[in-house]
Amino acid sequence: MDKNDLYQQAMRASQGAYAPYSHFPVGAALLLDDDTVVTGANVENRSFGLTNCAERTAIFTAVAAGRRNFRAIAIATPAADYPVGPCGACRQVLSEFAVPDMPVIFGQCAAHLVETTVGALYPMDSLHELGGS
């Protein structure tokens, strides 16, 4: 699957967002090692700390199903004026379950995608520096 197809799945996932407070829908598409794609959308709560981001929704869904071999993630933020990368909590979760060279693709539209890696987004990953899994 190419990055544009994965991104389009993230864009479609953003339509399922529950964002009545921020009005900022986000979708994520997580590519697994067998080419299965798990999607997620952000789900807000009026107690903002209880909000769950699209990236974590997709990752937690995959992990809960026993899937932990990820190949790439795409994140769509269609209401943004510029490419918006994952928040700090999502970067931490990505570093828990993905290898540092896993591609991360994000943007507000297909014409303005940023391509990077988990390691570039989260370079000081103490889990791996301390010899964790």
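Couple of notes before you dig in:
- Beta bridges per DSSP, both residues in segment 3-129: antiparallel share near 75 percent.
- Compactness of segment 44-91, taken as the C-alpha radius of gyration over 2.2 N^0.38 Å, stands at 1.29.
- Here the chain is treated with +1 on each Lys and Arg Cβ and -1 on each Asp and Glu Cβ, and its dipole about the Cα centre works out to around 360 debye.
- Among the chymotrypsin sites (Phe, Trp or Tyr not before Pro) in segment 1-71, those located in a DSSP loop and surrounded by at most 13 other Cβ atoms within 10 Å of their own Cβ are Tyr21.
- Calculated SAXS-style log₁₀ I(q)/I(0) at q = 0.09 Å⁻¹ - the chain, Debye, Cα scatterers: -0.23
- Relative to the longest principal axis of the Cα atoms of the chain, the long axis of helix 54-64 makes an angle of roughly 50 degrees.
- Longest DSSP-loop-exposure-free segment, trypsin sites (Lys or Arg not before Pro), the chain, at most 16 other Cβ within 10 Å: 69-133
- Relative to the longest principal axis of the Cα atoms of the chain, the long axis of helix 3-14 makes an angle of roughly 50 degrees.
- Length added when fully stretched, Met124-Arg68, from 0.36 nm per residue minus Cα-Cα: 18.0 nm
- Relative to the dominant Cα principal axis of the chain, helix 88-97 is inclined by about 40°.
- As a calculated quantity, the FRET efficiency between His112 and Tyr21 at R0 = 22 Å, using C-beta atoms, amounts to about 0.30.
- Kirkwood radius and radius of gyration were both taken over the C-alpha atoms of segment 3-79, and their ratio Rg/Rh is 0.99.
- Cut-off 20 Å, label 7 Å out along Cα→Cβ of Lys3, residues of segment 17-31 by amide N: 27-31
No lab work stands behind these numbers, since they all come straight from the coordinates. In this text the structure is predicted, and so the values were computed from the model without any measurement. No Cβ is skipped: glycine too gets one built from the backbone with ideal geometry, and neighbour counts run over all protein chains shown.
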